[in-house]
Amino acid sequence: MHNNSNLSYLSGSSDVPLLGMTIGDQFDQIVDRFPDNEALVVKHQNIRWTYSELSEKINGCARAFIAIGIQKGDRVGIWSPNRFEWVVVQIATAKVGAILVNINPSYRNHELKYALNQSGCTAIVIADQFKTSNYTQIMIDLLPEISQIEGKTLESPELPNLKSIIRLHQDDIPGMYSWPDFIERADSISDSELKSRQSQLTFDEPINIQYTSGTTGYPKGATLSHHNILNNGYFVARTMRFTDKDRLIIPVPLYHCFGMVMGNLGCITHGATMIYASEGFDPLSVLKTVEAERATALYGVPTMFIAELEYPEFDNFDLSTLRTGIMAGSSCPIEVMKKVQTKMHMKDVQIAYGMTETSPVSTQTRIGAPLEKQVSTVGQIHPHVEVKIIDPETGLVVPIGAPGELCTRGYSVMLGYWNDDERTRESIDAARWMHTGDLATIDEDGYINIVGRIKDMIIRGGENIYPREIEEFLYSYPKISDVQVIGIPDPKYGEEVMAWIKLKEGERSSADEIRDYCKDNIAHFKIPKLYKFTDDFPTTVTGKIRKVEMRAISIRELKLEEVEKIDTG
């Protein structure tokens, strides 16, 4: 953990080797070792499966994918909240060598169409509906000709690659497979055909695309291999000292690395139990499920832990079986961390830091770390990973304690952005260092602290939001002549989105009008909460907009000085 110079460079040495195999092969090994262990509990779907039962469901789904023509390397989208089908599809696609494309459940028509076409999905698995999104209806809106289709094979100029839609529902509707109808297709494919397909895969091949918002407007598809995510899930859980006896509640969305890698793959690599308490986060479901399932571990972003702790009947639940878990996604207020350790019994709760492009975790606190380090840093370097902190101007490694850009290298760095060499080169340099865009420091004991962001990214309740993407969208509103989006402090979400708007000459508008315009076009968490209509923006001498100054003005005008002082670890 220590380095032998006074420079900000760390290498995570480990006597535990990386797993050199595909996700499917690793899963099968665990099934052989722990066939009768509980693998998956899904409260809202009344599911409780052992590893051997889960394995049967996964193999059936994998054979069904082969039956509908999914080839190795094809992209298969999944657009669904947390359900049993999510992890079944996750492992089944890995077994047939299809690349799973995670689609944010908050996406609307415009964003969905972009992700499907940019990745070239040939199939998509969709939930019927969730919260305010009717996924079935959105697909019908994008493919109006679907009701005329004979059979299940699509052809559409809007989504030229898409051939199949699999709907997580019992009922058949024109042009889409119902889940039972899809699974039935497995009967035409033998176990040996699946084994043969699985044996032709190698662990460095891409297996997952996750869209991450880009500073240049459109989301970028971080492309991850078996090796990337299988090992990251394994070492995250290993750092928490997971065994086959652990029972983890996963209330974070599966479409994020936090859910599908640190959660699902963390459990699957140890024979532990994955537990989904509800489709989307709900504090009461989490508390009930911890007690009923005697959970040993719990994940969440800080806002989730706050909601659980503040739940009115919190004291009525027995949480004494909890031992560990991870809080990640945004910085955590120190007081919250202390309450999680005492009131929730999670004395070994850990903070993890990373990004989708690094599968995701690069640093994690260790069990037994001093409390002060647990709450004020993002932990120490992960096994088999390197970290350096550089001066963004010169590229030189800075001395210990000095801030600079955090770069990371190792097995966890993504293969690249899907079909986007230019943006891949901007992020990963010739020596395979991933430039995170985060400003950080390293102390003498090898603890890493994130101190800010090079670009003005907003982190709202664990979601990364890039102002540029929202600005690009708002520019399309006819009344707006200029717009700047900033993050301002918020006690609940850490940061909230604020838009400064300059209207065209003679136009009038309101916050509500602009919110309505956003509503069906961009995900709810990206919609600005606060608005300031202005005639001009603070700029530098050379005319560059000064977002730092905009933020300071907004904090003053909205009287948020106290909120900004909240101590976050």
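The values are calculated or read from the model by the stated rules, or taken from the named source; none is laboratory data. Treat the numbers as computed from the prediction; the structure is a model and nothing was measured. FYI the Cβ positions are ideal-geometry reconstructions off the backbone, even for glycines, and counts take in every protein chain you see. SASA here: full protein model, heavy atoms, side chains in, ligands and nucleic acids out. Shrake-Rupley method; radii C 1.70, N 1.55, O 1.52, S 1.80 Å.
Name the single residue that is farthest from the chain's Cα centre (by Cα) among those in segment 402-427 being open to solvent by less than 50 Å² (accessible area, probe 1.4 Å), within 20 Å of I389 (Cβ to Cβ) and of a type outside the set (S, T, N, Q).
Pass one, segment 402-427, residues open to solvent by less than 50 Å² (accessible area, probe 1.4 Å): 402, 404-408, 410-414, 416-418, 420, 423-424, 427.
Those left that are additionally within 20 Å of I389 (Cβ to Cβ): 402, 404-408, 410, 412-413, 427.
Checking which are of a type outside the set (S, T, N, Q) leaves us with 402, 404-407, 410, 413.
Details: A402: 29, G404: 25, E405: 22, L406: 20, C407: 20, G410: 20, V413: 15 Å.
Restricting to residues being open to solvent by less than 50 Å² (accessible area, probe 1.4 Å), within 20 Å of I389 (Cβ to Cβ) and of a type outside the set (S, T, N, Q), the top hit is A402.
Quick check, is Q210 touching a residue at least 60 places away in the same chain (Cβ under 8 Å) and assigned to a strand (DSSP E or B)?
On the way: touching a residue at least 60 places away in the same chain (Cβ under 8 Å): yes; assigned to a strand (DSSP E or B): yes.
It is true that Q210 is touching a residue at least 60 places away in the same chain (Cβ under 8 Å) and assigned to a strand (DSSP E or B).
Name the single residue that is surrounded by the most Cβ atoms within 10 Å (Cβ to Cβ) among those in segment 539-563 being without any contact (Cβ under 8 Å) to a residue 40 or more places away in the chain and touching a strand residue (DSSP E or B) at 6+ places or on another chain (Cβ under 7 Å).
Residues of segment 539-563 without any contact (Cβ under 8 Å) to a residue 40 or more places away in the chain: 539-544, 546, 548-549, 552-553, 556-557, 559, 561-562.
Narrowing the set further to residues that are touching a strand residue (DSSP E or B) at 6+ places or on another chain (Cβ under 7 Å) leaves 539, 546.
Numbers: T539: 11, R546: 14.
Only one residue tops the list, namely R546.
Just one of (1) buried (at least 24 other Cβ atoms within 10 Å of the Cβ); (2) on the phi > 0 side of the Ramachandran plot trips up K131, so point out which.
All conditions pass for K131, except number (1).
Say whether the condition of being acidic (D, E) and either at pLDDT 95 or above or open to solvent by 30 Å² or more (accessible area, probe 1.4 Å) (or both) is met by at least one residue in segment 170-178.
Yes, segment 170-178 contains at least one residue that is acidic (D, E) and either at pLDDT 95 or above or open to solvent by 30 Å² or more (accessible area, probe 1.4 Å) (or both).
Can you report the number of residues in segment 428-437 which are assigned to a strand (DSSP E or B) and open to solvent by less than 30 Å² (accessible area, probe 1.4 Å)? Outline the logic, then answer.
Kept after step one, since they are assigned to a strand (DSSP E or B), are these residues of segment 428-437: 428, 434-437.
Remaining after also requiring open to solvent by less than 30 Å² (accessible area, probe 1.4 Å): 428, 434, 436-437.
Residues flagged as assigned to a strand (DSSP E or B) and open to solvent by less than 30 Å² (accessible area, probe 1.4 Å) within segment 428-437 amount to 4.
Considering only residues that are buried (at least 24 other Cβ atoms within 10 Å of the Cβ) and part of a helix (DSSP H, G or I), which ones fall in segment 67-95?
Hits for segment 67-95 are W86, V87, V89, Q90, I91, A92, T93, A94, K95.
So which of Y255, Y218, Y234 ends up being surrounded by fewer than 23 Cβ atoms within 10 Å (Cβ to Cβ) and part of a loop (DSSP other than H, G, I, E, B)? Before the answer, list the steps.
Details: Y255 fails: surrounded by fewer than 23 Cβ atoms within 10 Å (Cβ to Cβ); Y234 fails: part of a loop (DSSP other than H, G, I, E, B).
Only one candidate passes the filter, namely Y218.
What are the pairs with Cβ atoms under 8 angstrom where one residue, in segment 133-158, is closer than 15 Å to D172 by Cα and the other, located anywhere, is among the basic types (K, R) and part of a loop (DSSP other than H, G, I, E, B)? Sequence gap at least six, or different chains.
Hits for this filter: T153/K163.
When you go through V387, V451 one by one, which is the residue that is open to solvent by 10 Å² or more (accessible area, probe 1.4 Å) and either polar (S, T, N, Q) or under 30 Å from R323 (Cα atoms) (or both)?
Numbers: V387 fails: open to solvent by 10 Å² or more (accessible area, probe 1.4 Å).
Exactly one of V387, V451 is open to solvent by 10 Å² or more (accessible area, probe 1.4 Å) and either polar (S, T, N, Q) or under 30 Å from R323 (Cα atoms) (or both), namely V451.
Just checking, does segment 287-295 include any residue being out of contact with any strand residue (DSSP E or B) (no Cβ under 7 Å at 6 or more places or on another chain) and among the basic types (K, R)? If you could, list the steps in order and put the result at the bottom.
Start the filter on segment 287-295 by keeping residues that are out of contact with any strand residue (DSSP E or B) (no Cβ under 7 Å at 6 or more places or on another chain), which leaves 287-288, 291-292.
Filter again for among the basic types (K, R), leaving 288.
Taking every residue of segment 287-295 in turn, at least one turns out to be out of contact with any strand residue (DSSP E or B) (no Cβ under 7 Å at 6 or more places or on another chain) and among the basic types (K, R).
Step by step: first the residues of segment 270-308, then only those that are modelled with pLDDT of 95 or more, more than 20 Å from N37 (Cα to Cα) and of a type in the set (A, V, I, L, M), then the one that is most open to solvent (accessible area, probe 1.4 Å). Which residue is that?
Top of the filtered list is L284.
Tell me, please, whether a residue that is small (G, A, S), modelled with pLDDT of 95 or more and either out of contact with any strand residue (DSSP E or B) (no Cβ under 6 Å at 6 or more places or on another chain) or farther than 25 Å from N134 by Cα (or both) can be found in segment 50-59.
Initial filter on segment 50-59 (small (G, A, S)): 52, 55.
Keeping just the survivors that are modelled with pLDDT of 95 or more gives 52, 55.
Cutting the leftovers down to either out of contact with any strand residue (DSSP E or B) (no Cβ under 6 Å at 6 or more places or on another chain) or farther than 25 Å from N134 by Cα (or both) gives us 52, 55.
Within segment 50-59, one or more residues are small (G, A, S), modelled with pLDDT of 95 or more and either out of contact with any strand residue (DSSP E or B) (no Cβ under 6 Å at 6 or more places or on another chain) or farther than 25 Å from N134 by Cα (or both).
Could we say that S481 is open to solvent by 30 Å² or more (accessible area, probe 1.4 Å), more than 20 Å from I459 (Cα to Cα), at pLDDT 90 or above and among the polar types (S, T, N, Q) here? Steps first, answer last, please.
Numbers: open to solvent by 30 Å² or more (accessible area, probe 1.4 Å): yes; more than 20 Å from I459 (Cα to Cα): yes; at pLDDT 90 or above: no; among the polar types (S, T, N, Q): yes.
Judged against the criteria, S481 is not a match.
A440 passes all but one of (1) over 19 Å from the mean Cα position of the chain (by Cα); (2) in a strand (DSSP E or B); (3) of a type outside the set (S, T, N, Q); (4) within 19 Å of Y218 (Cα to Cα); which number fails?
It is condition (4) that A440 fails.
So which residues in segment 367-415 are within 16 Å of I442 (Cα to Cα), in contact with a helix residue (DSSP H, G or I) (Cβ under 9 Å, 6 or more places away or on another chain) and of a type in the set (S, T, N, Q), if there are any at all?
Q374, S376, Q380, T408 - these are the residues of segment 367-415 that are within 16 Å of I442 (Cα to Cα), in contact with a helix residue (DSSP H, G or I) (Cβ under 9 Å, 6 or more places away or on another chain) and of a type in the set (S, T, N, Q).
Do the conditions hold for T394, that is, is it within 20 Å of K455 (Cα to Cα), modelled with pLDDT of 95 or more and of a type outside the set (F, W, Y)?
Details: within 20 Å of K455 (Cα to Cα): yes; modelled with pLDDT of 95 or more: no; of a type outside the set (F, W, Y): yes.
No.
Name the residues in segment 443-476 that are part of a strand (DSSP E or B) and either without any contact (Cβ under 8 Å) to a residue 40 or more places away in the chain or not acidic (D, E) (or both), would you? Outline the logic, then answer.
At the first step, the residues of segment 443-476 found to be part of a strand (DSSP E or B) are 448-453, 458-460, 463-465.
Those that are part of a strand (DSSP E or B) and either without any contact (Cβ under 8 Å) to a residue 40 or more places away in the chain or not acidic (D, E) (or both): I448, N449, I450, V451, G452, R453, I458, I459, R460, N464, I465.
Kindly establish whether Y114 is open to solvent by 10 Å² or more (accessible area, probe 1.4 Å) and in a helix (DSSP H, G or I).
Working: open to solvent by 10 Å² or more (accessible area, probe 1.4 Å): yes; in a helix (DSSP H, G or I): yes.
So Y114 passes the test.
Between S156, S213, S188, S192, which is touching a Phe, Trp or Tyr at 6+ places or on another chain (Cβ under 6 Å) and either modelled with pLDDT of 95 or more or buried (at least 16 other Cβ atoms within 10 Å of the Cβ) (or both)?
Numbers: S156 fails: touching a Phe, Trp or Tyr at 6+ places or on another chain (Cβ under 6 Å); S188 fails: touching a Phe, Trp or Tyr at 6+ places or on another chain (Cβ under 6 Å); S192 fails: touching a Phe, Trp or Tyr at 6+ places or on another chain (Cβ under 6 Å).
From the options S156, S213, S188, S192, the qualifying one is S213.
I need the full set of residues from segment 318-328 which are farther than 16 Å from G233 by Cβ and either at pLDDT 95 or above or surrounded by fewer than 24 Cβ atoms within 10 Å (Cβ to Cβ) (or both), in order please. Explain how you work it out, then say what you get.
Step one: list which residues in segment 318-328 are farther than 16 Å from G233 by Cβ, which gives 318-323, 327.
Of everything in segment 318-328, those that are farther than 16 Å from G233 by Cβ and either at pLDDT 95 or above or surrounded by fewer than 24 Cβ atoms within 10 Å (Cβ to Cβ) (or both) turn out to be D318, L319, S320, T321, L322, R323.
Select from segment 454-466 the residues that are at pLDDT 80 or above and either closer than 20 Å to P392 by Cα or open to solvent by less than 30 Å² (accessible area, probe 1.4 Å) (or both) and list them in ascending order. So that I can check it myself, show each step before the final result.
Just the residues of segment 454-466 that are at pLDDT 80 or above, to begin with: 458-463, 465.
Within segment 454-466, I458, G461, G462, I465 qualify.
Would you mention how many residues in segment 1-31 are modelled with pLDDT of 95 or more, open to solvent by less than 70 Å² (accessible area, probe 1.4 Å) and part of a loop (DSSP other than H, G, I, E, B)?
9
Kindly provide the set of residues from segment 342-376 that are among the aromatic types (F, W, Y) and open to solvent by 30 Å² or more (accessible area, probe 1.4 Å), ordered by number. Don't jump to the end; show me each part of the working.
Going residue by residue through segment 342-376, those that are among the aromatic types (F, W, Y) are 353.
Passing the criteria: none in range.
Listed here are the residues, each with its yes/no results for (1) touching a residue at least 40 places away in the same chain (Cβ under 8 Å); (2) more than 22 Å from Q45 (Cα to Cα); (3) among the hydroxyl-bearing types (S, T, Y).
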position	(1), (2), (3)
G233	no, yes, no
R238	yes, yes, no
D244	yes, yes, no
G271	yes, no, no
G280	yes, no, no
P302	yes, yes, no
